[in-house]
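Below is one structure; the comments refer to it alone.
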Amino acid sequence: MWATNLRIVGIVLATLALYTLIANKIPQVQSEVPRALALGSNVTPEQLTTAGDELFHGAGGCTACHGLGTRAPNLLTDEKGQGPIGARCGKRESGKDCKAYLYESLTSPRAYVVSGYEPIMPDMGRTLSPQQLWALVAFLESQGGTVDVSGTDIPPAASGASAASSGTAGAAGAAGAARIANGSTDPTAIIRGAGCLGCHKVGTEGGAIAPDLSHVGSRLSAALIRESILKPDAKVAKGYEKFAGVMPKTFGDQLTGAQLEALVQFLTSHK
């Protein structure tokens, strides 16, 4: 009897250890997300530009597409003889100055699609706060143009009095920063909010730039799907080697643990 009980205890402990290990591998709700910005009315163009630079090259995930000159327009260097984005943004749409055009491009990217490119950019307003959006606009304007974004562009309710004097980035919590699909665990909402359909096809929707996910569960295990989301360059699908480094590496910071697992289970079920 004691041997049977000992085996049961061993199995229970091993199971607990396994799930503890899995849980520690999954980003939890307190995972780091794009830092919330507390920008006051006296924020300077330099402070906005610096914050936008950090977002563009970091958690914003912009470099995944822009800068390659293949999937999306080059923003920091010359694009077809028109100079960097700050020099050409005011000439894109009739009646829209540079600031208006850039903000529209971030929040309504399908309103105007540059000739020669596909409408694959997601609505960044779903994942970034108003402060972050305007900081990005300022940074992009600074690339060959004049920064005219100011504290008056940022909604008053989003300005923190305690940070008004510095205009610097503050600490972010999961509740204080915009999250993909507003934290929803609906896999369809996550896929749309994260912009997955811009490159991947799921069922009858999506693009053909990256691997088709319609039957991904028949090709990859849950563990490999999870790894592909968190570490997209760990294993690159055959035939897509030239796109290595393109998929954003920020989903581990932007998705909660519950969202990640909901997405993994959804994709795993697509046999």
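Since every read-out is calculated from the coordinates, none of them should be taken as a lab result. Computed from a predicted structure; not experimentally measured. All Cβ positions, even for glycine, are placed from backbone atoms using ideal geometry, and neighbour counts span all protein chains on display.
Some observations on this one:
- Taking trypsin sites (Lys or Arg not before Pro) across the range 80-161, the ones in a DSSP loop with at most 12 further Cβ atoms lying within 10 angstrom of their Cβ are LYS80, ARG110.
- Summed side-chain charge close to GLN47 - residues other than GLN47 whose Cβ falls under 13 Å, Lys, Arg +1, Asp, Glu -1: -3
- Descending by average beta-carbon neighbour count within 10 Å, the peptides 237-244, 257-264, 143-150 line up as 257-264, 143-150, 237-244, the highest first.
- Cα centroid separation - the range 85-158 against the range 229-271, whole Å: 27 Å
- Evaluating 6.51 cos²θ - 1.76 cosθ + 1.60 at θ = phi - 60° for every residue in the range 98-110, the Karplus couplings come out as 4, 4, 5, 5, 5, 5, 4, 4, 7, 9, 9, x, 8 Hz, glycine and proline recorded as x.
- Sparsely packed loop sites in the range 51-96 (the GluC sites (Glu not before Pro) outside DSSP H, G, I, E and B with at most 14 other Cβ atoms within 10 Å) comprise GLU93.
- Whole-Hz ³J(HN,Hα) from phi, Karplus 6.51 cos²θ - 1.76 cosθ + 1.60, for the range 123-140, glycine and proline x: 6, 6, x, 7, 10, 10, 7, x, 4, 5, 4, 5, 5, 5, 4, 4, 4, 5
- Evaluating 6.51 cos²θ - 1.76 cosθ + 1.60 at θ = phi - 60° for every residue in the range 71-79, the Karplus couplings come out as 8, 8, x, 5, 10, 9, 10, 4, 10 Hz, glycine and proline recorded as x.
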